[in-house]
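Read the structure below first, then the notes.
The values are calculated or read from the model by the stated rules, or taken from the named source; none is laboratory data. In this text the structure is predicted, and so the values were computed from the model without any measurement. When we count neighbours, we look across all protein chains shown, and the Cβ atoms used for this are built from the backbone with ideal geometry, even at glycine.
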Amino acid sequence: MEITGKIARVLPMQTGQGKNGEWRKQEFVIQTDGPYPKNICFTAWGNIIDSSPLQEGIEVKISFDIESREFNNRWYTDCKAWRIESVNAKEYV
């Protein structure tokens, strides 16, 4: 899936240690265009964090997957970005 919007907020990076070594997770919120703009929180993992234009105010096109999982009878949905492109620069990262 793809969506375009302006980065409204970049949240603090999270790090941790797993069975495969250290991991990094960066969450950010975009605001969509249109008469009824929506705020959507995305997650970027690992190397995509370093090569992505994650700065507030930049318009980006995001390629992502949506996944839901259950934990203790509650459902949680993640929007995982796997490519982030600056709309103005037209460069893939």
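Selection over the range 1-23 of residues that are modelled with pLDDT under 95 and of a type in the set (K, R) gives a count of 1. Just to be sure I understand the filter: pairs with C-beta atoms under 6 Å, separated by 6 or more residues or on different chains, first member in the range 35-59 and under 20 Å from N88 (Cβ atoms), second member aromatic (F, W, Y). Which pairs pass? Qualifying pairs under 6 Å: F42/F28; L54/F28.
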